[in-house]
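*Asks:* The structure that follows is given in the form of C-alpha cells.
The values are calculated or read from the model by the stated rules, or taken from the named source; none is laboratory data. In this text, all values refer to a predicted model and were calculated from it rather than measured experimentally. Neighbour counts are summed over all protein chains in view; Cβ atoms, including those assigned to glycine, are modelled from backbone coordinates with ideal geometry. Calculation scope for accessible area: heavy atoms of the full protein, side chains included, ligands and nucleic acids excluded. Shrake-Rupley method; radii C 1.70, N 1.55, O 1.52, S 1.80 Å.
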Amino acid sequence: MLVNGKWVENWQPVQKADEKGRFVRQVSSFRNWITPDGSAGPTGEGGFVAEPGRYRLYVALICPWASRTLIARKLKGLEAMIDVTVVNPVLSDQGWQFGGYPGADEDPLFGATYMHEIYTNADPVFTGRATVPVLWDMQRNVMVNNESADILRMLDTAFEHLVPSDIRLYPQELGAEIDALSALIYDRLNNGVYKAGFASSQVAYDEAVTGVFETLDMLEGRLTGDYLMGDTLTEVDIRTFVTLIRFDAAYHGLFKTNLRQIADYPRLTAYMQRILELPGVRDTVNMDHITRGYYSIKALNPLGIRPVGPAHVSAMTNNAS
C-alpha cells in the first residue's frame, strides 16, 4: 500500500481485520461528483461538469465494484462520453498493473506501470490502497471519485442532457427501497463473499458464509418478476449481478462459499442470464480475467493453479468478451 505517497509493502488481500478476525474493507477517499452543470454532488467539491471526452474510467474486469460502473456506462449509452482503461487482472506485488495481459491496456495518461502511480498523481502524499474503479478528470488532471457506488449513481443522471436514456437506475420513487436492499446486499453478499474468503477466524468465516446464503435464499424468494424491484431494472440489480456472475467460478471454491452454487437457484440463474442479455452487459464480463485474477491471489492459492470450470458458467458466458 501507499504511505505518504510511497509504496511500502507488497500487496496483500486483507486490508484490515477486526478483533474477531472479520475482514474490513477500506473506505474510499475521493468523493467528488460529475453533475450536469458542475455543481457539487452529495459529497466532495463542485467543478466537474458533464462533458464528452473529459473523463476516463480505470477498471479491472475481475473486480465486481469496477464492473458495476462499466455496466452502468453501457446501459446508459455513455461509451462515447467516457473513455475506459482496463488493468491487468493479476494483482502484482504493487497492486493493479497496466498492460502485459490480453485485454489489459497501457496507461494512456501518465505512462504509469501501476495503478498506485495514478493515485500519487492525484495526491503525492496519498496513504491507502490503490483501488479500482477510478474516475479521472483529464481536463483538470485530478481524480474525481474512486467509490463505485457514487460512480454508479452519477452515471445514471449526470449525462442525461447529453445522452437521453429510457433507463433510470435509481428512480426516486423507489429510492428508499433500493437503498435498504442495496445496503443488505452489500454487507451480506457483495462484501460477504470477501468476508468469508478473507476471514482470519472460524467465527468470522461462519458468520460471513451464513449471511451469504441467507441473502441468496432471500433473493431467490424475492424474484417473482424480472428484477428485484418487480419489472423495473435498477442499480440494485447491477450490484447483485456482478457478484452472482463471479460466484460459481470464483467465490464458491476459492472463497469457500460452497454450501450451494448459483446454479442451484433456478430463479437467480434465470435472472443472471436475463441481465447478461441486456444490451452491452455481456461486453463487461470477461471470465478469463475473472478466473485468472482471483486464482492468482497468492494468499488463497499459492501455486496459482486455475480450475477449468465450471462448465455451466463457461456456457453462459461463452460469447462474452
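*Asks:* Residue check, Thr257 against (1) open to solvent by less than 30 Å² (accessible area, probe 1.4 Å); (2) of a type outside the set (D, E, K, R); (3) in contact (Cβ under 8 Å) with a residue 60 or more places away in the chain; (4) farther than 17 Å from Phe213 by Cβ, all met but one. Which one?
*Replies:* Answer for Thr257: the failing condition is (4).
*Asks:* Return the pairs, sorted by first residue and then second, in which the second residue is in a loop (DSSP other than H, G, I, E, B) and polar (S, T, N, Q), the first residue lies in the stretch 295-306 and is in contact (Cβ under 8 Å) with a residue 40 or more places away in the chain and surrounded by 15 or more Cβ atoms within 10 Å (Cβ to Cβ), the beta carbons are less than 7 Å apart, and the residues are 6+ apart or on different chains.
*Replies:* That search, which allows pairs on different chains as well, returns Tyr295/Asn301.
*Asks:* Just to be sure, is Ala196 under 20 Å from the mean Cα position of the chain (by Cα) and either surrounded by 14 or more Cβ atoms within 10 Å (Cβ to Cβ) or assigned to a helix (DSSP H, G or I) (or both)?
*Replies:* The answer is yes for Ala196.
*Asks:* If we keep just the residues of the stretch 27-39 that are assigned to a loop (DSSP other than H, G, I, E, B) and open to solvent by 60 Å² or more (accessible area, probe 1.4 Å), which is modelled with the lowest pLDDT?
*Replies:* Val27
*Asks:* Still on this structure: Take the stretch 86-109 and flag every residue that is surrounded by fewer than 19 Cβ atoms within 10 Å (Cβ to Cβ) and closer than 12 Å to Val134 by Cβ.
*Replies:* Of everything in the stretch 86-109, just one residue is surrounded by fewer than 19 Cβ atoms within 10 Å (Cβ to Cβ) and closer than 12 Å to Val134 by Cβ, namely Leu109.
*Asks:* Enumerate the pairs (first residue in the stretch 261-290 and of a type in the set (Gly, Ala, Ser); second residue anywhere and surrounded by 20 or more Cβ atoms within 10 Å (Cβ to Cβ)) with beta-carbon separation below 7 Å, excluding pairs fewer than 6 apart on the same chain, so at least 6 apart or on different chains.
*Replies:* Ala263/Asp248; Gly280/Leu75
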